[in-house]
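A short worksheet on the structure shown next.
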Amino acid sequence: MKLTEISQYEAQPGQMIEWGLHPDTIAAAAQAAQDPRPASYMQEAHVKMAALLRDVDVDAPTWLATAFDIPGALDHDAMEATLLQWITRHETLRSGLRFTGPDLERFTLDAETVLLDRTVVDEFSHGADVTRFLESRFDEAANPLTWPPYIVVTVGREDAFTIYLAFDHSNVDGYSIAVIAQEIHELYAAALTGRAAALSNVGSYIDFATTEREAADDIDASNESVVRWGEFVDTCGGELPRFPLDLGVAAGEYPRQTGGCEWLLDPDDAEAFNIACKSAGGNFASGVLAAASIVAYEQGDQSVYRTVLPFHTRSEPQWSASLGWYIGLAPLEIATAEAQDFDEVIRMARHASQAAKPIAQVPFAKVCSLLDTVLRPASVISYIDARMVPGAASWTEWNAHAFGKVAYGDEVYLWINRTREGVYLTCRYPDTEMARKNVTSFIESTRDVLRSVATSGSYALAGSVPQERIAA
């Protein structure tokens, strides 16, 4: 499963059906009583930012989506049963947030209140028309300021159909998107045969948000994680670090974003890289961070690589397959210039990432509040080993894909994912000539470092002095 822009996906034509919530369900939501459980910190920050952008007439979609095939002609009754069970399973899909003055309050519907409404959109003869239509429809429907902030669409053919599910980011993270294919396949197969679906129970993201808030209530400015964030911000001049290379974006500009997806390693090279990382005292994740820090040093002249690193916050088994935004952030520093080669850098990277992990358990918005500042991540790098995600072994058979869209921003995000087909990098960055040039160069150089380590077992930093010469 690759994460790309939907415009890069080769959609199949066919009859498109939109599966939305029934008008009676939407009316019930408008009248629903307050649910005392709060928004998560990530949700609150995201929804309030969306409202600020709306108020200045900025249309900035921020959605995540997935698409995959299911064999056989679409059975409408089975699909309706599948979606109802799925919405029942994940409470966040029955819950929403609304403004009461400047504050947000939650409402949540009982499962019995949820009804579906099926609408035939059109018969599409060309796949490109499907993707163009869906991108526009997702922009409209996957909106944090409307409810529901998600949409389900099927495109049917005689021998199979494709299902698309798109969500505003407030409902899901990248891992949530990855587990959906297996869940829908299992629920649909069970609905066709009348058996119970073989899925374990999952916790509710709404309950997680409550637990998160309760834990954060006991945190003050003396907390070690908050202190570490404060030191990191001070080192970076009162803001979070930017991408190591020039992006051609002036201060205050808010340009459109673009992105790409590139293969970095095939499966054999990925395993060779993994072996080299372990031999050097690290692991695959710290090897990726080491490679990025080396490129930042060699191309960006950064003696210390500073970036923001996301970690999942699925701290209990009940959250492992739950839909939600289970992400925390942490600062990362690697003193690359002190090293001679990849082996030394990876040990620094592993130590730095181990130290960063507990910091991410403190909600980033809480940190900003305690530091009395507004901070916005401008350079983020992420690594996920997706090979063990439920259903990953079938992603190729299912033609499973993931899509993301962020319309505007001056930040650079790099997502590096290891799959059974190899390792690929998805990125988004400002759509400027300088950013296209420099982000592409950064990615190509990162790939070169990874492949060098996979082939030779290490990598010597540019300008480093061999140890034997130092000894002499």
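Taking all protein chains together and rolling a 1.4 Å probe, Met49 ends up with roughly 100 Å² accessible.
Give the Kirkwood hydrodynamic radius (Å, one decimal) of the range 80-229, defined as one over the mean of 1/r across all pairs of different Cα atoms. About 18.2 Å, per the Kirkwood formula over Cα pairs. Around the Cα centre of the chain, unit charges on the Cβ atoms of Lys, Arg, Asp and Glu (plus for the first two, minus for the last two) sum to a dipole of about 660 debye. The relative contact order of the range 103-172, computed from alpha carbon pairs under 8 Å that lie at least 6 residues apart in sequence, is 20 percent. With respect to the chain, whose longest principal axis is taken over its alpha-carbon atoms, helix 205-216 is tilted by about 40°. Take each peptide in 296-308, 255-267, count the other Cβ atoms within 10 Å of every residue, and average; sorted highest first, the result is 296-308, 255-267.
Accessible surface area normalised per residue over the chain is 43 Å², counting heavy atoms of protein chains with a 1.4 Å rolling probe.
Straight-line cross-link reach from Lys437 at under 29 Å between alpha-carbon atoms covers these lysines, not counting any fewer than eight positions away in the same chain: Lys2, Lys405. Measuring max minus min along each principal axis, the C-alpha atoms of the chain give extents of 80, 50, 42 Å (largest first). Based on C-alpha pairs under 8 angstrom that are at least 6 apart in sequence, the chain has a relative contact order of 24 percent. Overall, the accessible surface of the chain at a probe of 1.4 angstrom is composed of carbon and sulfur to the extent of 49 percent.
Listed values for the range 355-362 are Karplus-derived 3J(HN,Hα) couplings in whole Hz (6.51 cos²θ - 1.76 cosθ + 1.60, θ = phi - 60°), namely 5, 6, 3, x, 5, 5, 6, 8, and x replaces Gly and Pro. If one takes the longest principal axis of the Cα atoms in the chain, at what angle in degrees, from 0 to 90 and to the nearest 10, does the Cα axis of helix 41-55 lie? Roughly 80 degrees, rounded to the nearest 10.
The lysines within cross-link reach of Lys366, meaning a Cα-to-Cα straight distance under 17 Å and a gap of 8 or more places when in the same chain, are Lys48, Lys357. Taking all protein chains together and a 1.4 Å probe, the residues Lys357, Lys437, Lys48 rank Lys437, Lys357, Lys48 from largest to smallest accessible area.
For the pair the range 333-396 and the range 177-207, the centres of their Cα atoms are 30 angstrom apart. Our coupling estimate for the range 439-444, obtained by passing each phi through the Karplus curve with A = 6.51, B = -1.76, C = 1.60 and θ = phi - 60°, is 5, 4, 4, 4, 5, 4 Hz, Gly and Pro reported as x. Expressed in units of 2.2 N^0.38 Å, where N is the residue count, the Cα radius of gyration of the range 74-161 is 1.31. Computing Rg and the Kirkwood Rh from the Cα coordinates of the range 14-143 gives a ratio, Rg/Rh, of 0.99. Remark on the range 91-132: hydrodynamic radius 14.0 angstrom, per the Kirkwood mean of 1/r across alpha carbon pairs.
With a cut-off of 8 Å between alpha carbons and a minimum separation of six or more residues, what is the relative contact order of the range 396-457 in percent?
It comes to 21 percent, rounded to a whole number.
The values are calculated or read from the model by the stated rules, or taken from the named source; none is laboratory data. Owing to the predicted nature of the structure, the values given are computational and were not obtained by experimental measurement. A quick note on method: Cβ atoms are made from the backbone with ideal geometry, for glycine too, and the neighbour counts reach across all protein chains shown. What goes into the accessible areas is simple: the full protein's heavy atoms, side chains included, and nothing from ligands, DNA or RNA. Shrake-Rupley method; radii C 1.70, N 1.55, O 1.52, S 1.80 Å.
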